[in-house]
1. Which one, [x] 19.0; [y] 21.4; [z] 16.6, gives mean projected area of the Cα convex hull in nm² as derived from the coordinates shown?
2. Expressed as a whole percentage, what fraction of the accessible surface of region 54-110 belongs to carbon and sulfur atoms when a 1.4 Å probe is rolled over the protein heavy atoms?
3. At 1.4 Å probe radius, can you tell me the per residue accessible area of the chain in Å²?
4. Quick one: pull the percent of accessible area on region 113-201 belonging to carbon and sulfur, 1.4 Å probe, ligands and nucleic acids left out.
5. Using 10 Å bins from zero, what percent of all Cα-Cα pairs in region 182-265 falls into each bin?
6. How do 60-67, 76-83, 221-228, 330-337 rank on mean C-beta neighbours within 10 Å, highest first?
7. Please report how far the C-alpha centroid of region 201-259 lies from that of region 1-41, rounded to the nearest whole angstrom.
Amino acid sequence: MKRLLWIDISKGLAILFVAYFHFFSTYFQHGVLPSPDWSNVAASALTLLRLAWFKISGLGFHAVGVFIILSGWTLMQSTVRRAEKGEIAWGAWYWARFVRLYPMYWVAHLVYLVSPFVARLEPVDDRIILSLLGLRFIDIDMNFMYLNAAWWYFSMLIQFYAIFPLLFWTARRVGPWWFLLIGCAAGFFARYVLLVLWPQNGLWVLGGFAICRLPEFALGMSLAMWHTQSPARLEWFLLRGAGFVAGLILYPAALQLYHGLYDYIFVDFATGACCMLEIVGIAGFISLFNSPAKLFGLVGLYSYGLYLTHQPYVIWLGLRIREVPIWAFLLICIPTLAVLSAWGMLLEKGTNALVNKLASLKKPARV
């Protein structure tokens, strides 16, 4: 089973959207759009463009849901590949996940501590120990968003990895439809408890308690199973426009779920799924062109490094350019995201190379 380029492109688009959102939200936190001008065609078009830019930019955090879905997909796909070769050694599986996740996560901490041009909004104190362990959900009020708020995703991800053998066994046992139903039921019930029945800090629902985001993760796993069963049919829907149009139609309804407490139980799943349809649809279009496909695929391949490092940089820069006009912000944004992508890629490639070298040194020599 070969690696799917369009999934890498989708990851690249998703992480760039997340990084752009953090940049935009810092730059425009107290900004106000110019008054609408409908006096002529040119002014009306400019007004519409501003409104569209503002609305679409504000949806950037939905790409986090896309990452959860694609993480479920790729993890399911790679584990099925292992299962086809024989029984899975879960100890080795956990070690491979640990080596993949933690070294780069620790490097990101080091980069944050020593790098110039980063926003340091909190003091470095003993909370960094729990952060390095990934256990940011402990004393969630103080630790979940500590130092680099984007790192909350890591603590959710390791929870999914911890329970993945159970999820994998269940999915293989009951099939994709029933597994998706079970995952949604468990996730929505957890959200109901934490939002309505026993109201808690919203950070638990965001991802501090990973089961609250299980519907998106289960959707990704189910999609991987459906893709295995009928790749041509699923790719036609996702990549050739049908899924993109469906996402456009459903997105307004998904956004309405923000307006009620009970509705909010379902909003992350709905907005994440709609955003996934849009991003994957765009990825399908990009995949038709060789050079852009390779470029965005490369960003997606090393999206982990960009995710772990980008936010302190864009906050630092965003705070310093708040007075520039929107067109100048957009011009600054493109090279900024390009530089941060290259920086994250360099760090991740270097970290992976070092880890692989250390791992090879520990292997006994063959006689």
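1. Computing mean projected area of the Cα convex hull in nm² and matching it to [x] 19.0; [y] 21.4; [z] 16.6 gives [y].
2. It is 67 percent, rounded to a whole number.
3. Here the per-residue accessible area is 50 Å².
4. 72 percent
5. Calculated over all Cα pairs of region 182-265, the distribution is 17, 35, 32, 15, 1 percent.
6. Those peptides, ordered most packed to least, come out 60-67, 221-228, 76-83, 330-337.
7. If we compute the Cα centre of each part, the gap is 19 Å.
The values are calculated or read from the model by the stated rules, or taken from the named source; none is laboratory data. All values reported here derive from a predicted model rather than from experimental measurement. All Cβ positions, even for glycine, are placed from backbone atoms using ideal geometry, and neighbour counts span all protein chains on display. Areas reflect the complete protein model, heavy atoms only, side chains present, ligands, DNA and RNA absent. Shrake-Rupley method; radii C 1.70, N 1.55, O 1.52, S 1.80 Å.
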